[in-house]
1. Limited to region 114-136, what total is found for residues that are at pLDDT 90 or above, surrounded by 14 or more Cβ atoms within 10 Å (Cβ to Cβ) and part of a loop (DSSP other than H, G, I, E, B)?
2. Is there any pair linking a residue in region 79-104 that is under 14 Å from GLY125 (Cβ atoms) and in contact (Cβ under 8 Å) with a residue 24 or more places away in the chain to one that is surrounded by 12 or more Cβ atoms within 10 Å (Cβ to Cβ) and of a type in the set (S, T, N, Q), with Cβ under 7 Å and at least six apart or on different chains, and which?
3. Using the structure shown, decide if LEU43 is among the aliphatic types (A, V, I, L, M) and modelled with pLDDT of 90 or more.
4. For region 82-105, does any single residue satisfy the condition of being within 24 Å of GLU41 (Cβ to Cβ), of a type in the set (S, T, N, Q), at pLDDT 95 or above and not assigned by TED's automatic domain parsing to the domain that holds GLU65?
5. Taking ILE49 as the residue in question, decide whether it is in a loop (DSSP other than H, G, I, E, B) and closer than 23 Å to MET22 by Cα.
6. Please find, among GLU52, GLU89, the residue that is loosely packed, with under 14 Cβ neighbours inside 10 Å, within 14 Å of the chain's Cα centre (by Cα) and not β-branched (Val, Ile, Thr).
7. Scan region 67-74 and give yes if some residue there is hydrophobic (A, V, I, L, M, F, W, C), surrounded by 15 or more Cβ atoms within 10 Å (Cβ to Cβ), closer than 18 Å to PHE130 by Cβ and without any contact (Cβ under 8 Å) to a residue 12 or more places away in the chain, otherwise no.
8. I'd like the full set of residues that are of a type in the set (Gly, Ala, Ser) and in a helix (DSSP H, G or I), limited to region 84-113.
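The values are calculated or read from the model by the stated rules, or taken from the named source; none is laboratory data. These figures come from a predicted structure and were not determined experimentally. Quick reminder, even Gly has a Cβ in these numbers, built from the backbone with ideal geometry, and neighbours come from all protein chains shown.
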Amino acid sequence: MQTTRSSARKDCNTQLVATNAMKYRVIDSDTLYENYCDVLEKLVFSSPITPEIQDEINLLTLLIETYDKQNSHFRNLDPVQLLKSLMAEHKMKAADLARKLHVSEGLISDILKYKKGMSKKTIRGIAELFKIQQEALNRPYAASSKSELTQS
């Protein structure tokens with residue numbers, strides 16, 4: 001029995017050495033996170049997607065989602081603050097966002113000033129554009145009331 005286990009261990013070790021090193025590892029930095037996101041994006045849009053590429057996509061998605069859950073600094077932001085942060089990160093102005101979402105600049109301005117809420121269509125567009133979960137934006141937040149609007 002002991003000989004069989006050590007033989008199996010040797011076979012396993014031989015396979016590990018044969019593959020040299022792992023292609024991916026647990027994400028432990030923002031730089032590695034961004035690199036994996038770039039690789040994932042290229043794989044998703046590659047053609048054709050073979051079973052091996054699909055496995056790689058699945059693994060990268062799992063690694064990225066795990067890192068997101070552990071390191072999300074967006075959890076404490078309301079949806080408007082999150083949108084502002086994403087726009088700043090992507091060096092995007094309200095006019096740029098309006099153009100990409102095919103909505104008016106006035107609507108984006110009103111959303112950013114808490115004058116209007118985000119519609120489901122707007123949430124879907126923002127989530128798709130910035131590659132985030134819709135749930136991050138589909139949360140309650142305090143919008144300005146009419147009395148607050150007249151005070152500014």
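1. Qualifying residue count for the region: 5.
2. What qualifies is LEU101/THR122.
3. Spelling it out, LEU43 is indeed among the aliphatic types (A, V, I, L, M) and modelled with pLDDT of 90 or more.
4. So far as region 82-105 goes, no, none of its residues is within 24 Å of GLU41 (Cβ to Cβ), of a type in the set (S, T, N, Q), at pLDDT 95 or above and not assigned by TED's automatic domain parsing to the domain that holds GLU65.
5. yes
6. Numbers: GLU52 fails: within 14 Å of the chain's Cα centre (by Cα).
None of the other options fit; the residue is GLU89.
7. No.
8. Scanning region 84-113 gives SER85, ALA88, ALA94, ALA95, ALA98, GLY106, SER109.
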